[in-house]
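Below is one structure; the comments refer to it alone.
The values are calculated or read from the model by the stated rules, or taken from the named source; none is laboratory data. Note that the structure is a prediction, hence the values are computed from the model and not measured. Cβ sites come from the backbone with ideal geometry, for glycine too, and all protein chains shown count toward neighbours. These area figures cover heavy atoms from the full protein model, side chains too; ligands, DNA and RNA do not enter into them. Shrake-Rupley method; radii C 1.70, N 1.55, O 1.52, S 1.80 Å.
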Amino acid sequence: MAREALVIVDFQNDFTPGGALAVPRGDEIADRLNELAGESRFDLVVATRDWHPSDHSSFREQGGPWPRHCVQGTPGAELHPRLDRSRIDAVIDKGQDPATEGYSAFENPELEQLLRERGIERVTVVGLATDYCVKNTALDALRRGFEVEVDTSATRGVDVQPGDSERALEELRRAGAKIVAGGARVP
């Protein structure tokens, strides 16, 4: 049986309602994330965090597209309080290099190293936001040879342009990811 990891992407205060870069209804996935993290099928549960320096290139004042968010050491960068930390085996920070987007958790080589050390073959990617960090983390997992599933019951998107999340899921499907909603395969 393939060893499996759950990767909870960026379920942080700044990405939930009231945060600096809130994903609409982003907090609504908390219970589903905790439910997934408690499932016995996962041999490893990893949470990722955007952990930007204050001069990150993605910030508007640096010429980027986004408001300041998830600045290292600030309350906004912390994992959302409704995420059950007792179920998290490791936290991987990303987006620390001011020159990179930080969209994929695999930009931090620690994630792949941890997955390989634990013999993980399959990853389920959930969290925020479907159309950015979830999509890019899942694509990079596929590129590195992992089987990938995205559970849409535990994701939410920014949808800067209407339909961005659906287009992201279609791109993932075409790349070889399995798209499910609460464990049921999405056609």
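Summarising the amide proton neighbourhood of ALA154: residues at separation of 5 or more, or on other chains, whose placed amide H is nearer than 5 Å comprise GLY182. In terms of packing, defined here as the mean over residues of other Cβ atoms within 10 angstrom, the peptides 126-138, 40-52 line up highest first as 126-138, 40-52. Each residue of the stretch 84-96 was assigned a 3J(HN,Hα) from its phi angle through the Karplus expression (A = 6.51, B = -1.76, C = 1.60, θ = phi - 60°), giving 6, 5, 5, 9, 9, 7, 7, 10, 10, 8, 9, x, 7 Hz with x at Gly and Pro. Computed extension gain for GLU28 through LYS178, at 0.36 nm per residue and net of the alpha carbon distance, reaches 51.8 nm.
How long are the semi-axes of the ellipsoid equivalent to the stretch 134-187, from square roots of 5 times the Cα gyration tensor eigenvalues, in whole Å, largest first?
Values for the stretch 134-187, descending: 17, 14, 9 Å.
Surface composition of the chain: carbon plus sulfur atoms contribute 45% of the solvent-accessible area (1.4 Å probe, protein chains only, all chains present). Taking packing as the residue-averaged number of other Cβ atoms within 10 angstrom, the listed peptides 149-161, 109-121 run from highest to lowest as 149-161, 109-121. Averaging 1/r across all pairs of distinct Cα atoms in the stretch 51-109 and inverting the result yields a Kirkwood radius of 12.3 Å.
With 0.36 nm allotted per residue and the present C-alpha distance subtracted, the ARG167-GLU117 stretch has 14.7 nm of extension available. Annotation: amide H-H contacts under 5 Å for ILE92 (H modelled 1.01 Å from N, sequence separation of 5 or more, or interchain): ALA47, THR48, ARG49. Accessible surface for the stretch 82-184, divided over its residues, is 45 Å² per residue with a 1.4 Å probe.
Report the extension gain between GLU147 and GLU78 in nm, rounded to one decimal, defined as 0.36 nm multiplied by the number of residues separating them, less their alpha carbon distance.
Contour length minus the Cα-Cα distance gives 22.0 nm.
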